[in-house]
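Worksheet: the structure to be examined is printed underneath.
The values are calculated or read from the model by the stated rules, or taken from the named source; none is laboratory data. What you are looking at is a predicted structure, and each value in this text was computed from that prediction instead of being measured. Every residue, glycine as well, gets a Cβ built from its backbone with ideal geometry; the counts of neighbours run over all protein chains shown. All accessible areas refer to the heavy atoms of the entire protein, side chains included, with ligands and DNA or RNA removed. Shrake-Rupley method; radii C 1.70, N 1.55, O 1.52, S 1.80 Å.
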Amino acid sequence: MSTAGFNSQNGTGGGQPYANGPSQNLQPLPGVNYGMAPHPNYNPLQAKAPMAPGLYPSPAPYQPGPPVSSYHPGPPPTSYAPSQPLMHRPPMGGGSLPHTPPLSASPVPRMPPPAQGTPPPPPASSSGYYASPHHQQQPPWQYNAAPAANPPASMTPPHGQAAVNHMPPSMPPPTSAAYSAPPAPHSAPLAPGPGLPPTSLHAYSQPGVAPPPATPMAPHTYQPGRPPFVAPPSAAAPMGPPPMGPPPSMKPTPPPPGPPMGHATPPPPPKADAQWDGAHGSAPPSESEEGDVECPGAMAGNGPQAPNNYNHVDNTTGGALQPGPPGRHLGHYPSLPPGYQSMPPGHTAQPYSLNQQPYQQPPGPAGLSPSMAAMSLQSGMPEALRVVNLLQERNLLPPGPLPAPTPCLTQDLQRVNCNPEVFRSTLTSIPQTQSLLNKAKMPLGLLLHPFKDLSQLPVVTSSTIVRCRSCRTYINPFVSFLDQRRWKCNLCYRVNDVPEEFMYNPVSRAYGEPHKRPEVQNATIEFIAPSEYMLRPPQPAVYLFVLDVSHNALETGYLHVFCQSLLDNLDSLPGDSRTKVGFITFDSTIHFYNLQEGLSQPQMLIVSDIEDIFLPTPDSLLVNLNESKELVQDLLKSLPSLFEKTMETQSALGSALQAAFKLLSPTGGRMSVFQTQLPNLGAGALQSREDPNQRANAKDVQHLSPATDFYKKLALDCSGQQVAVDLFLLSAQYCDLASLGCISRYSAGSVYYYPSYHQQHNPAQVERFQKDLKRYITRKIGFEAVMRIRCTKGLSIHTFHGNFFVRSTDLLSLPNVNPDAGFAVQMSIDENLDDMQVVSFQAALLYTSSKGERRIRVHTLCLPVVNSLSDIFAGADVQAMTGLLACMAVDRSITASLSDAREALTNAAIDSLACYRQSVLTIQQPGLLAPACLRLFPLYILALHKQKAFRVGTSTRLDERVAAMLQLKYQPLAYAMLMIHPSLYRVDDLTDEGALNINDRTIPQPRVLQLSVEKLTREGAFLMDAGTVMYLWLGRNCNPSFVSQVLGVPNYAAVPENLYLLPELDTAESQRVRAFVGWLKDQRPFAPTLHVIRDESQMKSTLMQSMIEDRTESALSYYEFLLHLQQQISK
């Protein structure tokens, strides 16, 4: 296969990036500016020189999708609503709509294609931590910039290789008929945008004057209030007939020329071709089932009509996180250098502008909401913009977990907005233009946890899934109903007909209330898809286990733990009557196991020809679990003893993976690989690349990229056949995780790393492995999944982060999706958003459940558009920014260098704080000033510098560094933040004051302490929670009663060296500590290890490395880092 052909199929060829919008292909003329500010994008991952923005055409024409929806209702999603009054948005047309009910609009002109490609990228800079005196300091990253069409040589895939894991925007649309269809004829979407400038959300408003409303709405509008769909009838707004007569006038302007749209008669659906152009020619479902190509069947509303069902709500495991522990009061640094204490008391900077043009509210009963006064500042500044001098205020940590900022929306919109644990943005106020975003010097991106375990999930089943005919957006709470029969898409502004079936509300069992349907009352909802959403019957749940049985593997003792865990949880393996399982073991040869029903015992089949691997009996190696359960149990009981005395030291992992791929290719499924050493035989053999002498000394770490593309290519083969590979690496020696990790990264799998695993010598890792295995075996799973993220016209996505394969420019291929996987995307603003009050983002995940149901989970997020820097800063989400920057820094470390990534992180803090000081503050003060919402940004940046993935000067094993990088890329934000900035608590004086009561358990809530040695005392006991590991540190003079009543030993000296479990003692102190530690562990899906360490323990040095605010030999203290930032900002 030629490189060009392969790249085209896998999304790495040349071309223009995807941008959401109507079905027209809007391609600007070269050199002509269509309302876009000619400013370079600011992206910290690019070279320092500014990059010209690329040209962004609209998406490829869609393939229409058929309907689905029985409703399994549930309580409304958790409310994140501020106390603002209801607002409505003006119509999104170009001026007022005509007074006649039929809407008229003219087609957007189709523009000729550009004459030339995107300009080449500027040369990458080499940059140190401090600014060089010979060149001007510039930001090393450019946020939100689309990478250039011709990537640097270091990032270009080798011949025949597919895309790297973050999607460059220069991918062309796929060429297969499965991904494209002829453009729909006579498409005439409504011209978007009322020419109304958005108000400044945090500036003074003239009293009595209403800023522009925020919900899209036509003057001739049908939009009653939207109570939750489970509210009592009295709470529901009465449903009357559609308004009659002409609408009130709103700045009358002549209607645009062109034929009237009438009632938006749909174009005939294009013919769909159910062919998949994946890397290997199989025909798994594509997002032709989920999106534009999602459903190659009938359009919504045109399919067979079926009655709505109102059944139940999926009650899945997990739920909202409990409130976290309180923190400490603000304090001050004990001594400050001259010049930083001189701020007069009560002297506060004005962080926002007072000049704002008021917007006169149009008269008439158009249903517009009173005003945005509740969101504007009538008196005082918002807490997010309170000026903080970081050099004076020291104890800035919040009382508990830092809550996500609430978008400045109306109460009704925010009530139904998406849960930030599932979908959140780095900026909760979206800038109007790319130039404004560049000026703010902050990254714009989204962080998703799309398959998260939810305690309540509304599930809808019906024959009609209502979607926009133009952009294929699913109907959601942020669309507007023009009347009972028409709704306007909130992404492309097309007016669509309401299907007849959608008029019936399965919750109230009333007709004529489409706005009260569960789809319009829930930002997160799941549809059970009809047959039109699949290209083949849903696959069964298939699980294949590939086990290392070399001498080294048997020495670790992992095989006993694995076999016992699987035996204990075999009945909990997700699936149905079709579930299949299989086993492969390997050392220098490959061993298959015939488990066919009817055999008296399992048969081992050995293949020694690892160069040309084949399946000895293809039909009996993957067996139905129900039919062959006894044989499977017999095999699991005998496996550990079967290889007990092996002396085989070689590992043919590559050949075993090839065999497993052949076995799973016909069906797809999950491959679980357990490896304990460096593969050294056959395909994919590796050699050690780590030099232990360079672990601490090298400024730039080598060998972060793969040594071979064998594992990446095999992962792409697996992805093409709907196979995901999960890797469990249990080793005390170097295994080249940088190379082996590719097998999971590009197949949407996961990597579990257990350094120094040994059954006798490291019992804490054994316990963690046991608990991880139980979660892994029993958690829910989605097969043959795809995910697409859509956004309002004018915004586009240009980079993805996580474990997946980019099948087309905006479609992620996820052979498996699990509830513990997170994703991140970077965004850019391609067109000015000055005619919009809000923008929306929608993530749609199509998957096959373990029960064989095809399902679509949809999340929709709505955010306001602002036009002032103060509003952008007020809406900054510091944790989301940190999480996105961590993903970007991982990519920068691999494609450039570790020092480059570290400097880019530093400059991200410098740039944003410098912009705040220069452009937002109106009264300058001495010191390092930050808005309250960014007060933790420098601390988090310093924490990233000292995180295992990016630290230098400290001995860090190469595999451990790579494992930390992989964690940052695919862990959901809530879990990644603990790995970046651990939490420290004092636990020897726990009380019930302020405690939580959960399920009749009392959970103490100690204060969060700063990560500094000065907070530790020899008289206390302190717990550090670092995500995957916890440390209980005991001071030398710790209270003997705590030691005896919590640890069960008479005194401090009797505490054992390798204590990793808290004994269950019948004392109040033991119950409090165990309740608190258990509560912390319950908030994450993985099992952290617990180490009880004494003051003189060898592990104390590991604990000290997490004391982020203290100075080390190779890293600055927090205060020194702040001084460095101030020095750079004041240049």
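Some observations on this one:
- Relative contact order for the stretch 1009-1131: 27 percent, from Cα pairs under 8 Å spaced at least 6 residues apart, divided by residue count.
- A crude spin-label estimate for the pair Thr708 and Gln925, with each label 7 Å from Cα along the Cβ direction, gives 6.0 nm.
- Separation of alpha-carbon centers, the stretch 436-476 and the stretch 621-640, rounded to whole Å: 41
- The order of Glu555, Glu532 by accessible area, most exposed first and with a 1.4 Å probe, is Glu555, Glu532.
- With N as its number of residues, the stretch 1014-1078 has a Cα radius of gyration that, divided by 2.2 N^0.38 Å, comes to 1.07.
- Kirkwood Rh and Cα Rg combined as Rg/Rh, the stretch 603-669: 0.98
- Projecting the alpha carbon convex hull of the stretch 904-991 along each direction and taking the average yields 9.4 nm².
- Remark: accessible surface ordering of Met977, Met1099 (largest first) is Met1099, Met977, probe radius 1.4 Å.
- Here the scattering of the stretch 836-956 is modelled by Debye summation over its C-alpha atoms, one equal scatterer each and no solvent; at q = 0.09, 0.18, 0.19, 0.20 Å⁻¹ the log10 of I(q)/I(0) is -0.40, -1.02, -1.06, -1.10.
- Convex hull projection area averaged over all views, the stretch 690-756, Cα basis, nm²: 4.9
- Potential lengthening of the chain between Glu1014 and Ser756 amounts to 89.7 nm, from the contour at 0.36 nm per residue minus the alpha-carbon distance.
- Placed amide H near His1091: partners under 5 Å, 5+ positions off or other chain: Met1030, Tyr1031, Leu1032
- Debye intensity ratio I(q)/I(0), log10, the stretch 997-1045, q values 0.12, 0.13 Å⁻¹ (C-alpha model): -0.35, -0.41
- Rounded, prolate or oblate (a/c below 1.5 giving rounded, otherwise prolate when a/b exceeds b/c) for the stretch 452-513 by Cα gyration tensor: oblate
- Residue ranking by accessible heavy-atom surface, 1.4 Å probe, largest first, among Lys712, Lys948, Lys771, Lys1015 comes out as Lys771, Lys948, Lys1015, Lys712.
- Amide H contacts under 5 Å for Gly445: Thr426, Leu427, Met827, restricted to partners 5 or more places along the chain or on a different chain, H placed in the peptide plane at 1.01 Å from N.
- Pairwise label distance in nanometres, Ser608 with Gln770, each label 7 Å out on the Cα-Cβ vector: 3.9
- Portion, in percent, of the accessible area of the stretch 955-996 that falls on carbon or sulfur, probe 1.4 Å: 45
- Of the solvent-accessible surface of the stretch 495-541, computed with a 1.4 Å probe and all protein chains present, 57% belongs to carbon and sulfur.
- Integer Hz, Karplus 6.51/-1.76/1.60 couplings in order for the stretch 905-914, x for Gly and Pro: 5, 4, 5, 4, 5, 4, 4, 5, 6, 5
- In this structure, the residue pairs whose Cα-Cα separation is over 27 Å, taken from Lys488/Lys780; Lys488/Lys851; Lys712/Lys948; Lys580/Lys645; Lys946/Lys1015; Lys645/Lys780, are Lys488/Lys780; Lys488/Lys851; Lys580/Lys645; Lys645/Lys780.
- For q = 0.18 Å⁻¹, Debye-computed log10 I/I(0) when each Cα of the stretch 832-906 counts as one equal scatterer: -0.93
- Kirkwood hydrodynamic radius (C-alpha pairs) into Stokes-Einstein, the stretch 947-996, 4 °C and 1.567 mPa s, D in µm²/s: 98
- Measure of compaction for the stretch 759-867 (Cα Rg per 2.2 N^0.38 Å): 1.44
- Spin-label pair Gln1083/Asn626, simplified geometry with 7 Å Cα→Cβ offset, distance in nm: 4.2
- Cα-based Rg / Dmax (Å) for the stretch 983-1101: 13.5, 39
- Principal axes of the stretch 755-811: Cα extent on each, largest first, Å: 58, 23, 19
- Put simply, when 521-527, 562-568, 927-933, 612-618 are sorted by average Cβ atoms within 10 angstrom per residue, most first, you get 521-527, 927-933, 562-568, 612-618.
- For the stretch 575-584, 3J(HN,Hα) per residue [Karplus equation, 6.51 cos²θ - 1.76 cosθ + 1.60, θ = phi - 60°, Hz, x = Gly/Pro]: x, 9, 5, 8, 4, 10, 9, x, 9, 10
- Principal axis analysis of the Cα atoms in the stretch 586-699 yields extents of 60, 32, 25 Å, listed in decreasing size.
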